[in-house]
Amino acid sequence: YGVKDSGFATFLLLFYNQVIGLPAGLVGVAIMAALVVEAFVDPLVGYLSDHTRGRWGRRHPWMYASALPVAIGWLLLWNPPHWSHA
């Protein structure tokens, strides 16, 4: 489960609704869309990981390659752009 699931389950909806001020319905739709995309992407990533052959094994190259994009995505998720309401 890890950091991503804990953040989604506990804090993301509250953060975007209470702190950022977005309507709860809009935040829920955004989270649902992300989870639907994840439902299709996860099996693909699993397939690619299962069929990776290298000196570091099957999983380590993927973990090393994903560390920076995941860290950047996590930072962007909790620091959304400030759009004007003008």
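Provide the convex hull volume over Cα atoms per residue for the chain, in Å³. List each step's numbers first, then the result.
Numbers: hull volume 9.5 nm³, N = 86.
Each residue corresponds to 110 Å³ of Cα convex hull volume.
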TODO: Please work out how much length the chain gains when fully extended from L35 to S49, using 0.36 nm per residue of separation minus the C-alpha to C-alpha distance, in nm with one decimal.
DONE: 3.0 nm
Task: Expected 222 nm ellipticity per residue - DSSP helices of 4 or more, -39500 (n - 2.57), all of the chain, to 500 - done: -20000 deg cm²/dmol
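A short reminder: the numbers here are calculations on the coordinates, not readings from a lab. These numbers come from a predicted model, not from an experiment.
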